[in-house]
Amino acid sequence: DMKVTQMPRYLIKRMGENVLLECGQDMSHETMYWYRQDPGLGLQLIYISYDVDSNSEGDIPKGYRVSRKKREHFSLILDSAKTNQTSVYFCASSLSQGADERLFFGHGTKLSVL
Amino acid sequence: GDQVEQSPSALSLHEGTGSALRCNFTTTMRAVQWFQQNSRGSLINLFYLASGTKENGRLKSTFNSKESYSTLHIRDAQLEDSGTYFCAAEGGTGNYKYVFGAGTRLKVIA
């Protein structure tokens with residue numbers, strides 16, 4: 001069963017704390033993504049990873065960093081979280097070559113920074 | 001600036017009717033995808049298109065790269081079609097960085 005798994009589903013942190021969001025996929029997809037979604041808006045790309053240790057900034061990378069040490073795992077790290085990083089974070093994966101580049105999304109992590 | 005403009009922003013349909021959602025692009029796009037976000041917040045991939053038209057059940061999508069738009073047609077709408085529909089497009093550089101539109105909120109009414 002093809003799946004993108006995000007942990008945790010819900011997270012509450014205080015301003016200034018560090019946050020680790022984890023994402024896994026079982027489809028051997030090369031490319032993985034982190035997006036955030038704010039109320040009433042579409043998804044904004046934070047970072048993209050093309051494979052292990054091959055990461056690239058998206059449209060809103062400030063305040064975030066990522067880690068990809070295994071193809072199946074992609075982590076999003078917030079060092080010293082800020083209240084404006086309260087959002088729903090989505091991880092996705094896709095094949096990068098061939099006729100099917102569909103993005104498959106996880107269920108999202110709802111992060112509240114107080 | 002905004003690269004992906006979705007319209008309408010909201011839409012109500014009676015069961016059994018249909019309509020079209022549209023995305024206009026301000027730059028040339030290489031590929032487009034359409035997603036439904038359901039009431040639980042899950043994002044479901046409906047279509048990936050690099051060109052032309054695809055159909056799946058009551059849904060049909062077209063991507064015209066030359067004229068910079070894509071459409072999603074829903075026919076015979078059902079209550080479970082309610083949700084928010086997003087298009088996402090990738091610019092012609094082939095960097096796989098998909099940019100999302102702001103979405104169309106669809107409500108299907110019995």
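Please treat every number below as a calculation from the coordinates, not as lab data. As the structure is a prediction and not an experimental result, all values here were calculated from the model. With ideal geometry, Cβ positions are generated from the backbone for all residues, glycine too; neighbour counts draw on all protein chains shown.
In a fully extended conformation the segment linking B:GLU5 and B:ASP76 would gain 23.0 nm over its present Cα-Cα distance, using 0.36 nm per residue.
Inter-chain neighbour count for B:51-59: the average number of beta-carbon atoms from partner chains within 10 Å of each residue's beta-carbon is 0.
Separation of the stretch A:1-54 and the stretch A:60-91, taken as the distance between their Cα centroids, equals 7 angstrom.
When only Cα pairs below 8 angstrom with a gap of at least 6 residues are kept, chain B shows a relative contact order of 36 percent. Converting the Cα gyration tensor eigenvalues of the protein assembly as shown into ellipsoid dimensions via √(5λ) gives semi-axes, longest first, of 29, 20, 16 Å.
What you get for the protein assembly as shown, charging only the Cβ of Lys and Arg (+1) and of Asp and Glu (-1), is a dipole of about 380 debye around the Cα centre. Each residue of the stretch A:5-83 gets 99 Å³ once the volume of the Cα convex hull is shared out per residue. Neighbouring Cβ atoms from other chains, within 10 Å of the Cβ of residues in B:93-101, number 6 on average. Overall dimensions of chain B, expressed as equivalent-ellipsoid semi-axes from the Cα gyration tensor (√(5λ), whole Å, largest first), are 24, 14, 12. For the stretch B:59-75, putting each phi into the Karplus relation 6.51 cos²θ - 1.76 cosθ + 1.60 with θ = phi - 60° gives couplings of 10, 9, 10, 10, 10, 10, 5, 5, 9, 6, 8, 9, 10, 10, 9, 10, 10 Hz, in residue order, rounded to whole numbers and with x for Gly and Pro. Computed about the Cα centre, the dipole magnitude for the stretch B:7-110 is approximately 180 debye when only Lys and Arg (+1) and Asp and Glu (-1) carry charge, each at its Cβ.
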